[in-house]
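One structure is given here, and the rest of the page talks about it.
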Amino acid sequence: MKIITFDIGGTFIKYALCDENFKLSRSTKIPTDAKQGGRKLIEKVIEIVKEHEHIDRVAISTAGQVDSTTGVIVYATDTIPGYTGTKIKEMVETATSVPTYVENDVNSAALGEAYFGKAKGYNDFICLTYGTGIGGAIWLNGDLYKGSFCSAGELGHIITHSGGKKCTCGGNGCYECYASARALVEGVNGVSDEILDGVKIFEEKNFNNPVIRTKIDEWIDEIVTGLISIVYTFNPSLIVLGGGIMNENYIVDSINERINKKLMQSFRNVKIVNSNLGNTAGMLGVAYKASKI
């Protein structure tokens, strides 16, 4: 079976070919050009599919809340204008005649972790990705928990600071305002003599700067604050943390050390790890589901 699998974000469309052994090849990324709107974006996806011969399935991991049964975007922010209501599955299948599966990006990452990553063999776990915002996915009883309207898992919007910073969701004090990778970068750049991104922050000279280290440690405390509520709500045996920033071992080691000091003893068996699949988790996860339709 030959699958073309996509990961659609606000900045880039990433795609690759996936074989029957779920090995990815010919990985490519192109600008999303999100300002052109949701329909134009999917037309671009269709063009890419048509450029490849003998495709058996199309798999699409995408930003936004997704009804994976119908392949429709239930809700999306204005990062991709007009994306809400886009009938992705119908558009792609009508244009290409190739069976298509569509899923939310973090749910797709959770699928990847469940079938190929560190969550393999776990019946229950939580997946979180830390980037511009914080995405969440809930895996219960061996499957994704989607909620009543396919929107469960918006863990970046649990409230950790009542009346706090304004969030893109329209609320105030959301977890992602304080614990996302973007929040770390903004906090560090408020005290740094030069502009640093998420990679440069952890370069030795910056990481060992006591002012910057304080900001990093304050940010990790914010991560832990949100995770405590998640652990108390779901009592998971495993939490997988994704996003490039989580490749830094200092972060995950510090999270485990600090959270165990704050949790009730009966909840301290939770294992918190970073992803070993990186940016391929979502593409692998959605490809696996596409292979089953």
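Computed from Cα positions, the angle between helix 249-262 and the longest principal axis of the chain comes to roughly 60 degrees. Using only Cα atoms, what Kirkwood radius does region 191-293 have, in angstroms? The Cα-based Kirkwood calculation yields 15.6 Å.
For region 136-145, 3J(HN,Hα) computed residue by residue from phi via the Karplus equation (6.51, -1.76, 1.60; θ = phi - 60°) reads x, 9, 10, 10, 10, 6, x, 7, 5, 9 Hz, glycine and proline entered as x. Using the rule -39500 (n - 2.57) for each DSSP H run of four or more residues, divided by the residues of the chain, the 222 nm mean residue ellipticity is -10500 deg cm²/dmol. So how tilted is helix 38-50 from the main axis of the chain? Cα-based, degrees 0 to 90, rounded to 10. The angle comes out near 60 degrees. Only beta bridges with both residues in the chain are counted; by DSSP, about 60 percent of them are antiparallel. As a proxy for reagent exposure, ranking Met283, Met264, Met1 by other Cβ atoms within 10 Å from fewest up yields Met264, Met1, Met283. For Arg268 and Ile159, the FRET efficiency from 1/(1 + (r/R0)^6), where r spans their Cβ atoms and R0 equals 25 Å, is about 0.55. Note on Thr69/Asn189: beta-carbon distance plugged into 1/(1 + (r/R0)^6) with R0 of 30 Å gives a FRET efficiency of 0.10. For the chain, the convex hull drawn through the C-alpha positions has a volume of 134 cubic angstrom per residue.
Here the label points at Ser25 and Glu257, each 7 Å from Cα along the C-beta direction, are separated by 4.5 nm in the simple model. Taking amide H as placed 1.01 Å from N in the peptide plane, the amide H of Ile13 sits under 5 Å from that of Ile30, Thr32, each at least 5 places away or on another chain. Amide H to amide H distances under 5 Å link Tyr145 with Ile138, Trp139, Leu140, where only residues 5 or more positions off or on other chains count and H is placed in the peptide plane. Note on Thr84 and Val199: with the Förster distance fixed at 45 Å, the Cβ-Cβ geometry gives a FRET efficiency of about 0.85. Couplings for region 225-234, taken from phi via the Karplus curve 6.51 cos²θ - 1.76 cosθ + 1.60 with θ = phi - 60°, read 4, x, 5, 4, 4, 5, 5, 5, 6, 9 Hz in order; Gly and Pro are left as x.
Each of Leu17, Leu144, Leu111 was scored by other Cβ atoms within 10 Å of its Cβ. Listed from fewest to most, they are Leu17, Leu144, Leu111.
How are the C-alpha pair distances of region 121-276 spread across 10 Å bins, as whole percents from the shortest bin up? Going out from 0 Å in 10 Å bins, region 121-276 shows 11, 40, 36, 12, 2 percent. For Lys165, the residues 5 or more places off, or on other chains, whose built amide H falls under 5 Å of its own are Gly173.
The HN-Hα couplings worked out from phi for region 199-205 by the Karplus form 6.51 cos²θ - 1.76 cosθ + 1.60 (θ = phi - 60°) are 7, 5, 4, 9, 5, 3, 5 Hz, whole numbers, x standing for Gly and Pro.
With contacts taken as Cα pairs under 8 Å at a separation of at least 6 residues, region 97-160 carries a relative contact order of 25 percent. Scoring 271-281, 99-109 by mean Cβ neighbours within 10 Å over their residues and listing the highest first yields 99-109, 271-281. Summary value for the chain: 20 percent relative contact order, contacts being C-alpha pairs under 8 angstrom separated by 6+ residues. Along each principal axis, taking the top coordinate minus the bottom one, the Cα set of region 1-137 gives 38, 35, 26 Å in descending order. In this label model, His52 and Tyr122 are separated by 2.9 nm, measuring between points 7 Å along each Cα→Cβ vector.
Could you list, in their original order, any pairs among Lys29/Lys50; Lys14/Lys271; Lys50/Lys89; Lys23/Lys118; Lys146/Lys289 whose Cα atoms are separated by more than 19 Å? As for pairs spanning more than 19 Å Cα to Cα, those are Lys14/Lys271. Computed over the chain with a Gaussian network model linking Cα atoms closer than 10 Å, the most mobile of Thr86, Thr96, Thr233 is Thr233.
By DSSP, the beta bridges lying fully in region 121-276 are antiparallel in about 55 percent of cases.
No value in this document is a laboratory result; all are computed from the given coordinates. For clarity, every value in this text was computed on a predicted model and none was experimentally measured. Backbone-built Cβ (ideal geometry, glycine too); neighbour counts: all protein chains shown.
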